[in-house]
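Read the structure below first, then the notes.
The values are calculated or read from the model by the stated rules, or taken from the named source; none is laboratory data. Since this is a predicted model, take the numbers as computed values, not measurements. Glycine also receives a Cβ, built like all others from the backbone with ideal geometry; neighbour counts cover every protein chain displayed. Heavy atoms of the whole protein, side chains included, go into the accessibility calculation; ligands, DNA and RNA do not. Shrake-Rupley method; radii C 1.70, N 1.55, O 1.52, S 1.80 Å.
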Amino acid sequence: MAAGSSNYWEDLRKQARQLENELDLKLISFSKLCTSYSHTGARDGRRDSPETAPLLNGSSQDRMFETMAVEIEQLLAKLTGLNDKMAEYTNTAGGTSLNAALMHTLQRHRDILQDYTHEFHKTKANFTALREREDLLGSVHKDIESFKSGTGVNNRRTELFLKEHEHLRNSDRLMEETISIAMATKENIMSQRGLLKTIQSKMNTLANRFPAVNNLIQRINLRKRRDSLILGAVIGICTILLLLYAFH
């Protein structure tokens, strides 16, 4: 009976050591995953080149994190069950010295379980905090890029409006200058017209008195009419050209 109980105890210890070794390896891998965690692509909108891209992106690391966390929790639950069975065995074992040795061994396994549980929760909390921080930074980065993009569009639109406004102001100024030139030309022509009428009236008076002079005056009037037509055509063409240049 004692041999069978001893074998049962050794079997429980063997299973506990196997789970502890497996947990130790899992926790090491879990800690490395936490320290190497980095987000790419979907979280912060950045695209890495094939040479610089990490082997695992953010979503793959998240899935691996969840999978490893479940596996470690299952191993911790199994180890807790084995410790409970070992505690039950120590309560039924006979002999004070034997029971003290078993309790010492059980306490050591409980300390190991407690350390692994504490390390697991600490690593998990660090990983969760790091992931939340990366999510926040990615969100801020997207907001900044969106703001910059919107500001760039507004600045370009404002610049186009200013350019169009300046073009309209230049056209308006050129139109005013053209109108001023046309008005000055008109006043000059009206002045010359009045002067020519005065001269014509005097020449008509002389022509009535001297027939030979009358023929000369008629020729002068014909040439003057022709010159007036030519001058009017030139002024009209110049005015049209100025208007076309102003509205171009």
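Overview of results
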item: Index of the failed condition, THR90 passing every other in (1) open to solvent by 60 Å² or more (accessible area, probe 1.4 Å); (2) at pLDDT 80 or above; (3) of a type in the set (Ser, Thr, Tyr); result: (1)
item: Residues being without any contact (Cβ under 8 Å) to a residue 60 or more places away in the chain, more than 30 Å from LEU12 (Cβ to Cβ) and not aliphatic (A, V, I, L, M) - total across segment 105-134; result: 3
item: Qualifying positions in segment 1-60 - aliphatic (A, V, I, L, M), surrounded by fewer than 12 Cβ atoms within 10 Å (Cβ to Cβ) and modelled with pLDDT under 85; result: MET1, ALA2, ALA3, ALA42, LEU55
item: Only listed residue being in a helix (DSSP H, G or I), modelled with pLDDT under 80 and within 30 Å of ILE28 (Cβ to Cβ), chosen from LEU113, LEU137, LEU130; result: LEU137
item: Hits in segment 223-248 - residues which are of a type outside the set (A, V, I, L, M, F, W, C), in a helix (DSSP H, G or I) and closer than 13 Å to THR178 by Cβ; result: THR239, TYR245
